[in-house]
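Taking it in order: structure first as structure tokens, then the write-up.
The values are calculated or read from the model by the stated rules, or taken from the named source; none is laboratory data. Since the structure is predicted, the reported quantities are computational estimates derived from the model, not experimental observations. Note: accessible area is taken over every heavy atom of the protein model, side chains too, but ligands, DNA and RNA are not part of it. Shrake-Rupley method; radii C 1.70, N 1.55, O 1.52, S 1.80 Å.
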Amino acid sequence: MSSHAIEISLLGRTYSIACPIGQEDALRHVAAKLEKQLSTLRTRTNNLSREEIAIMAALNIGYELLEEQKKNQDYIKQMDDKIGLLQSTLESALVERSTKED
């Protein structure tokens with residue numbers, strides 16, 4: 001897959017980032033969300049360096065990702081349990097039906 005560079009701005013600085021062709025909008029969307037978080041952190045913590053703000057943002061984003069992964073795992077477990085119950089119910093109904101036919 002080929003890529004090209006696109007420019008994004010974070011905290012007033014412009015960066016040229018390699019991006020796979022067709023993924024430009026996704027990268028710009030992520031950059032906009034990151035810019036919002038960086039700006040929020042900067043206004044709340046005026047005495048932090050750019051590096052410290054970036055580290056805090058990375059930790060926040062990592063935590064959000066971890067929470068979403070946990071939610072997905074919980075949802076998958078719930079669906080597996082429901083599918084298991086449905087399979088069990090269907091098997092019981094089929095066994096009951098076959099015993100009535102005999």
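Of all alpha-carbon pairs in the chain, indicate the percentage at a distance above 19 angstrom.
66
Apply the Karplus curve 6.51 cos²θ - 1.76 cosθ + 1.60, θ = phi - 60°, to the phi angles in the stretch 3-13 and return the couplings in whole Hz, x for Gly and Pro.
Computed from phi, the couplings for the stretch 3-13 are 9, 8, 8, 10, 9, 10, 10, 9, 6, x, 10 Hz.
Choose one answer from Arg50, Arg13, Arg42: the residue with the largest mean-square fluctuation in a GNM of the chain with alpha-carbon springs under 10 Å.
In the Gaussian network model the winner is Arg13.
Can you check how the C-alpha radius of gyration of the stretch 32-89 compares to 2.2 N^0.38 Å, as a plain ratio? Intermediate results must be reported in sequence, preceding the final value.
Working: Rg = 19.0 Å, N = 58, 2.2 N^0.38 = 10.3 Å.
Output field value: 1.84.
Checking the cross-link filter: which lysines have an alpha carbon closer than 18 Å to that of Lys82, excluding same-chain neighbours under 8 positions apart?
Hits, sequence-local ones excluded: Lys71.
What angle, in degrees between 0 and 90 and rounded to the nearest 10, separates the Cα long axis of helix 50-101 from the longest principal axis of the Cα atoms of the chain?
It works out to around 10 degrees.
What is the percent carbon and sulfur in the accessible area of the chain, measuring with a 1.4 Å probe over the protein chains and ignoring ligands?
After summing per-atom areas, the C and S share lands at 57 percent.
For the chain, what is the calculated [θ] at 222 nm in deg cm²/dmol (nearest 500), taking -39500 (n - 2.57) for each run of four or more DSSP H residues and dividing by its residue count?
Value at 222 nm, helices only: -26500 deg cm²/dmol.
For the chain, take the longest principal axis of its alpha carbons; what is the angle in degrees between that and the long axis of helix 24-44, to the nearest 10 within 0 to 90?
With rounding to tens, the tilt is 70 degrees.
Relative contact order of the chain, please, whole-number percent, based on alpha carbon pairs below 8 angstrom and at least 6 residues apart.
Relative contact order of the chain: 15 percent.
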